[in-house]
Structure formats: C-alpha cells, structure tokens
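The structure appears below as structure tokens.
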Amino acid sequence: MLTRLTSSIKRTRELNELTRDMRAQGNFISPVPSPHLMAKLDFTSSPVVDSHCHAFLPEKETRPFETYLTLSDLPQRHEDVASTMLHHMVIRELSRILCVKDEEKIIAERQRRMKSNPVDYIELLFDDAGIETLLVDSGYPFKETVGYGIDLNDFAEMVGRDVREIFRLEAALYGLLKGLVPHDQAIEDFRAQIREAVSDGCVSLKTIIAYRTGLAVKPWDESFVKSSWGKMTAMVREGNRPAAILSERNERNKSVYDSFLIAGVEEANRLNVPVQIHTGMGDSPSMDLRIANPAHLYDLLQDPRAREARLVLTHGGYPYLEEAAFLANAYPNVYIDLSETIPIVSVGLRNRLLTLLEMAPTTKIMYGSDGFNVPELHWFSAILTKKALAAALDELMNHEGLAEEEAVNIGENFLTGNAERLYRL
C-alpha cells in the first residue's frame, strides 16, 4: 500500500514540475492556486476497508434513485433532494465512471446497468473505489421489520468482496421477546447467540440503542428489569407487535435495553470483539438527536463491566464530532468510525476530518460508509473520502508541519490499517 501511494505522490510531483515548466514558457494558464488544487497526497489507488455498512438487493430498489441519497423517511420533494451538494457530487462522479453527460441520461444509464447486469455494475463501482472488505451490519435489512433480509454469503458472492458480519444486538432481543422467552432464560440465550455469531465469524457486535431509549445507559435493579420484561412479554401475548413494543421510549423499555446492552458488552469483552454503538444522526424522524450525543455514554464508560471492552462510536457522533473525539482521546477503549458522516456531509468532509483530528488519536479512527439500499453509497463514500482525506492531510503538512511519511501513514491507517487491527481482519 505504501509503495503504491509513494508512486502516486511521485507522479503528482512530476506533473507539478511539468506544469511549472509550461507556465514558465507561457504555455499554461491557471487560476489562483488553492490548497485543494495543490494536493501532494493522492489516495486514489489505496485499498479500502468499509468498517460499517449494510447489504443491499438490486431487486428491492423501488424508489427514484435520488431518494436514496437522504436519511429522511419522510416524503421529500425531488427538487429539494436534487439540489443537495451530495446529489450533485454523486451525479458528477457517475458521469465520470459511466462516460455519460446530462443528469437524465446518467440516471437512465445507471438504471439500465443495475437492472441488466448488477454484478458487473457493482464490480465497476467497487473496483473504481478500491473497496476490498465490507463489515456488514446484518440488522438491516431485517425481515421482521422491513419484510426481507439478505443472506451475507449471497451478498458476498454478488459483490465479489470479502464480507464480514456485524451482529445486531437488537435483532436478537426482538427474537427473544417475540418468542416469549422468560427473562433469565432470555439473558442466557442472548449471550449464547452472541457466542454463536462470533464462532461463525462475526467480527463485531452493534447496538442501535440510541434510536430506542438513548445513550444514557446505566445499571438497573434486576427485579425492576425482570418486571419490565414480564410486562413486555404479556403485551405480546395480548396481540401487540414486538416491534411496536420495542419502539416505545419509556422507563420500562430503557431498563431492558440498558441491561441487555451491558450483558452484550460483557460478552464482547470475553470474546475479544468490539461493540459498535450508533451515535449521532440517523434516519428521521425516528432518530432523536437529543438522546444520541455520545457524551451521554458517561455512565456506561464508568461501568467496570464496560471498562475493558472496545467500544466504537459509529458515525462519529455527528453533529457531536467534538464529543466523540474527546471520548476517543480520554478513554483507551473508545474508537470512532465516520460512516454516515461519510458521505452525508458531502462538501464538509475535509473540515469534519480536521475537527476530528483536533483530539482523536489517528490510530483510533476508521473509514466507513454506512452504505445501504444502493451500491453507489458504498462507492461514492470511498471516492469522497480519499479526496477529502488528502486535502485535510495536505493542510496539516502545509500549515502544521506534519511530515509527509506520517501523513501517508495516517491516511492508510484510516482507510484500512486501523480497522484491520481492531477487527482482526
């Protein structure tokens, strides 16, 4: 990897020298240079480990393409979604790779390729982005909530990449509630499912407790938790849907979610696998940002049962990047991935990377896309990141004296190395 990047830097320097010669001879006209146009680093050919994303099925695409470029589950006007910088940037990159101009023709060509030969189209995208490994959260799509699931072996065959599972804790909790399993047995079965998943090759656990009852996780009196679980199973017996019960935000549910998460963290520590914790923004309107700030994890981080477990703040906690960076700096067992922040912040990614680097150790931050539903999110996220990462590190070299060798090392670790070590890939 270092050799490829060094060669790329050498080519960039040769082009810069040629440009200077042409300018000296009066044969070159350029605008006033900016840091973005004077990049020294080039990660274009660098491989990528996507440390957090989701599987997708081409046949399940049912909406206009642009609607997949937003986190909102609410109806959006076409002109609003199409006016976002993310949309403009994706269309521009699709034009490049599909060799088609005009937005309507670009989308039409994209649809044609995706429908006629999705395997070839996905290969084109993922090769262009250098995607080698995908860590896939198997909790979405989830058959019980969206009507279908995806076998990860089939998904790996379709995308032609190394695919590893991230085990969603809430999916296990759903099954236990639906099965009316008594509390004590439910806890044991919950732990057993985690052990089985890791034995089968799962590389991390994942929780979306931020969506449910928030990140202020704390210990609860066991008798209260048992009573809460009993009330929930009674509601299922009365004909209430488990998904509806689990989506309620109340003290009863919070006690259950908190206690099962702590049990999951304990098990992860024993098995030496990380736990990814959704922090910050998410699908609207189900995500309440007020309870998703990673700073709310204080009580969990003080809990002796969680002190040694490796906890990954997914999505960088956006818009609470500073809080996430502080936690990664202050706690040796806290890590960050920037999935969802990448690609949603679009033109702001360079600045967000610099914000993160104000405090976060460079050895504890990782690339991720949170790509879902369409392969373009996985692909474009990597393309965007490589450009923004080069620009951010160039600025640190130009203005903060960061050595080029160290900048290269930081970039490669962000794209692959840190995830390879953390998840033992």
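Each reported figure results from applying straightforward, stated rules to the coordinates on display, with no laboratory input. Here the structure is a predicted model, which is why all the values come from computation and not from measurement. Glycine also receives a Cβ, built like all others from the backbone with ideal geometry; neighbour counts cover every protein chain displayed.
For A244 and V100, FRET efficiency with R0 = 56 Å and r from the beta-carbon atoms, rounded to 0.05? The partial results should precede the final answer.
Working: r = 45 Å, r/R0 = 0.80.
So, using R0 = 56 Å, E works out to roughly 0.80.
Compute the angle between helix 251-271 and the longest alpha-carbon principal axis of the chain, please, reported from 0 to 90 degrees and rounded to the nearest 10.
Once rounded, one gets 70 degrees.
Rounding to the nearest 10 and keeping the result within 0 to 90°, find how far the Cα-based axis of helix 85-98 lies from the longest principal axis of the chain.
On a 0 to 90 degree scale, this one is about 60.
Can you pull the one-decimal nm distance between simple spin-label points at R237 and L354, each 7 Å off the Cα toward Cβ?
So the label points at R237 and L354 sit 6.1 nm apart.
Using 0.36 nm times the number of residues separating Y148 and D73, minus their current alpha carbon distance, what extension gain do you get?
Values: separation 75, 0.36 × 75 = 27.00 nm, distance 1.78 nm.
Gain on extension, Y148 to D73, equals 25.2 nm.
For the chain, set up a GNM with springs between Cα atoms under 10 Å and report which of V334, V100, V90 has the largest fluctuation.
Evaluated over the chain, the most mobile residue of the options is V100.
Only four residue types carry charge here, +1 at the Cβ of Lys and Arg and -1 at the Cβ of Asp and Glu. Report the dipole size of the chain about the Cα centre in Debye, rounded to the nearest 20.
Rounded to the nearest 20 debye, it is 220 debye.
What pairs from K206/K254; K40/K105; K101/K387; K115/K143; K178/K254; K115/K206 go past 25 Å between their alpha carbons?
K40/K105; K115/K206
So, in nm, how far is label E404 from label R307 when the simple model puts each one 7 Å beyond its Cα toward the Cβ?
Each label point lies 7 Å from its Cα, and together they span 4.6 nm.
Stretched out fully, how many nm does the piece from L425 to D184 gain, at 0.36 nm a residue minus the Cα gap?
In short, 83.3 nm is gained.
For the chain, what does -39500 (n - 2.57) per DSSP helix run (n ≥ 4), summed and divided by total residues, give at 222 nm, in deg cm²/dmol to the nearest 500? All intermediate terms of the calculation are to be shown ahead of the outcome.
On the way: 20 runs with 220 residues, N = 425.
One gets -15500 deg cm²/dmol as the mean residue ellipticity at 222 nm.
With θ taken as phi - 60° and the coefficients 6.51, -1.76 and 1.60, list the Karplus ³J(HN,Hα) couplings across segment 376-388 in order, rounded to whole Hz; mark glycine and proline as x.
4, 5, 5, 5, 5, 4, 5, 4, 4, 5, 4, 5, 5
Please give the residues of segment 109-148, grouped as numeric ranges, whose backbone N is less than 19 Å from a label point set 7 Å along the Cα-to-Cβ vector of D283.
Hits in segment 109-148 for D283 at 19 Å: 136-148.
Out of all DSSP beta bridges in the chain, what portion is antiparallel? Express it as a percent rounded to 5.
On the way: 0 of 27 bridges.
Percent antiparallel among DSSP bridges in the chain is about 0.
Find, among the GluC sites (Glu not before Pro) in segment 290-330, those assigned to loop by DSSP (not H, G, I, E, B) with at most 16 other beta-carbon atoms within 10 angstrom.
Passing both the DSSP loop test and the Cβ count: E308.
Collect residues whose amide H, placed 1.01 Å from N in the peptide plane, falls under 5 Å from the amide H of R164; neighbours closer than 5 in sequence don't count.
The list, which skips near neighbours in sequence, is L134, L135, V136.
Among the GluC sites (Glu not before Pro) within segment 350-425, which fall in a DSSP loop and have no more than 15 other Cβ atoms within 10 Å of their own Cβ?
Within segment 350-425, the qualifying GluC sites (Glu not before Pro) (loop, at most 15 other Cβ atoms within 10 Å) are E358.
Give me the extension gain from R195 to R112: residue separation times 0.36 nm, minus the current Cα-Cα distance, reported in nm with one decimal.
Stretched fully, the R195-R112 segment lengthens by 25.6 nm.
Per residue of segment 121-127, in order, report the coupling 6.51 cos²θ - 1.76 cosθ + 1.60 (Karplus, θ = phi - 60°) as ³J(HN,Hα) in whole Hz, putting x for Gly and Pro.
Each residue's phi maps through the Karplus curve to give 5, 5, 4, 4, 5, 5, 5 Hz.
Taking 8 Å as the Cα distance limit and 6 or more residues as the minimum spacing, I'd like the relative contact order of the chain as a percentage.
That works out to 21 percent.
Show me the trypsin sites (Lys or Arg not before Pro) within segment 211-293 that DSSP assigns to loop and that have at most 15 other Cβ atoms within 10 Å of their Cβ. Could the numbers behind the result be given before it?
Numbers: sites: R212, K226, K231, R237, R249, R252, K254, R270, R290; in loops: R249.
Here the trypsin sites (Lys or Arg not before Pro) that fit, given the DSSP loop and packing criteria, are R249.
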